[in-house]
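Down below is the structure, laid out as structure tokens.
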Amino acid sequence: MTTLIPAPKAVRAHPPHQPGRRETVHKWRRRFPLLPALIFTVVVTQLPFVATLIISTLQWNILKPGERHFTGLSNYAFVFTDERLRTAVLNTIVLTASVVSISMVLGLGLALLLDRRFPGRGLARTLLITPFLVMPVAAALLWKHAIYNPDYGLLNGTLNALYRLFGAENGPTIDWVSNSAMPAVVVALVWQWTPFMMLILLAGLQAQPGDVLEAARVDGASAMATFRFITLPHLRQYIELGVLLGTIYVVQTFDAVFTITQGGPGSQTTNLPYEIYLTMFRKYEYGEAAAAGVVVVIGSIVVATFALRTIASLFREEVSR
């Protein structure tokens with residue numbers, strides 16, 4: 001006789017747990033205090049950028065108010081083919097590369113100096129940081145009038161004093177801004193941005209493991225060998241971070257160019273921000289200026305992406321220690 005075994009009952013699958021109404025309300029209650037800041041950020045940053053995108057597709061000259069019309073991407077084609085804008089791009093590259101590289105080298109030297117213990121180190125650190133705290137326009141005015149001025153500036157005054165010291169009646173009167181426009185702007189910006197590089201590299205030096213340096217010292221490594229094979233590789237990410245952040249900020253330089261040289265003589269120091277200013281407020285071509293501004297923003301976003309990746313890698317390295 002065959003015994004029938006009853007089939008097992010089907011197990012009823014329970015639906016995945018859904019958060020209840022109370023949990024959802026609790027989440028939104030925690031996020032609600034952040035909404036005003038989010039709305040403010042969107043209104044202040046994203047809406048003007050959207051307006052700039054719209055304007056960049058228009059042929060709009062304020063001197064011809066009745067001729068505003070949609071032109072598509074023709075303003076962007078003009079941005080990439082106009083000779084003045086190509087010159088401005090080249091000047092921007094030269095200015096940015098010069099300021100960032102020189103500031104990085106000087107900042108590294110100052111950071112190595114401040115990493116050592118000596119009397120008055122705190123005061124020296126404070127004084128060296130001061131140029132970075134000066135407002136850009138004030139710093140540019142200081143260099144233009146107090147240092148570069150051919151009649152009463154510090155440079156010509158020092159030269160005249162040296163010439164009189166050696167028996168000459170007067171030294172040469174040099175117009176530094178007219179004769180060396182780009183170097184004049186570069187020096188002023190290097191003076192302002194060197195403390196920024198110094199702070200980043202000093203933070204990297206103070207994060208260096210002391211036991212590694214002590215082991216190298218015990219093994220008889222020289223100071224140069226220690227710097228070359230231990231300190232410099234450790235500072236690589238900090239150097240990359242300083243270069244990327246410095247590039248983002250120096251590319252947007254307008255104050256020094258406008259105050260010291262106003263883009264001249266000719267177009268020797270006209271960079272992209274100043275060229276956009278000229279296109280907007282001298283030529284009154286709103287569409288072309290907006291297109292150039294969008295191109296600059298996209299380039300800055302690309303550089304900022306690499307900067308954020310570098311910062312994230314630094315954080316991961318600190319967490320893994």
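The values are calculated or read from the model by the stated rules, or taken from the named source; none is laboratory data. For clarity, every value in this text was computed on a predicted model and none was experimentally measured. Because the Cβ atoms are built from the backbone with ideal geometry, glycine has one as well, and the counts that use them run over all protein chains shown. When the accessible area is computed, the model is the full protein with side chains, heavy atoms only, and any ligands, DNA or RNA have been set aside. Shrake-Rupley method; radii C 1.70, N 1.55, O 1.52, S 1.80 Å.
Residues being open to solvent by less than 40 Å² (accessible area, probe 1.4 Å) and either closer than 30 Å to Tyr286 by Cβ or of a type in the set (D, E, K, R) (or both) are represented in segment 133-144 by at least one member.
State all residues of segment 145-181 that are among the aliphatic types (A, V, I, L, M) and either surrounded by 14 or more Cβ atoms within 10 Å (Cβ to Cβ) or closer than 28 Å to Val100 by Cα (or both); if no residue qualifies, say none.
Result: Ala146, Ile147, Leu154, Leu155, Leu159, Ile174, Val177, Ala181.
Can you confirm whether Ile102 is of a type in the set (Val, Ile, Thr), surrounded by fewer than 16 Cβ atoms within 10 Å (Cβ to Cβ) and either modelled with pLDDT under 95 or in contact with a helix residue (DSSP H, G or I) (Cβ under 8 Å, 6 or more places away or on another chain) (or both)? So Ile102 does not fit the description; no. Scanning segment 40-71 for residues being exposed (fewer than 12 other Cβ atoms within 10 Å of the Cβ), part of a loop (DSSP other than H, G, I, E, B) and either touching a strand residue (DSSP E or B) at 6+ places or on another chain (Cβ under 8 Å) or at pLDDT 90 or above (or both) gives a total of 0. If you go through segment 81-99 and keep only what is polar (S, T, N, Q) and open to solvent by less than 60 Å² (accessible area, probe 1.4 Å), you end up with Thr87, Asn91, Thr92, Thr96, Ser98. Applying a threshold of 7 Å to beta carbon distances and a minimum spacing of six or more residues, or different chains, the list of pairs starting in segment 34-63 at a residue that is touching a residue at least 12 places away in the same chain (Cβ under 8 Å) and under 20 Å from Gly287 (Cβ atoms) and ending at one that is of a type in the set (Asp, Glu) and surrounded by 10 or more Cβ atoms within 10 Å (Cβ to Cβ) reads Asn61/Glu285. Within segment 284-321, if we keep just the residues that are at pLDDT 90 or above and either touching a strand residue (DSSP E or B) at 6+ places or on another chain (Cβ under 6 Å) or over 19 Å from Phe70 (Cα atoms) (or both), the residue that is least open to solvent (accessible area, probe 1.4 Å) turns out to be Gly287. Applying the condition of being in a helix (DSSP H, G or I) and acidic (Asp, Glu) to segment 245-287 and asking which residue is farthest from Glu83 (Cα to Cα) yields Asp255. Checking Ala290, Ala203, Ala221 one by one, the residue that is outside any helix (DSSP H, G or I), aliphatic (A, V, I, L, M) and farther than 20 Å from Val185 by Cβ is Ala221 and no other. Looking across Ala215, Ala184, Ala221, Ala188, one residue alone is among the small types (Gly, Ala, Ser), modelled with pLDDT under 90 and surrounded by 14 or more Cβ atoms within 10 Å (Cβ to Cβ). It is Ala221.
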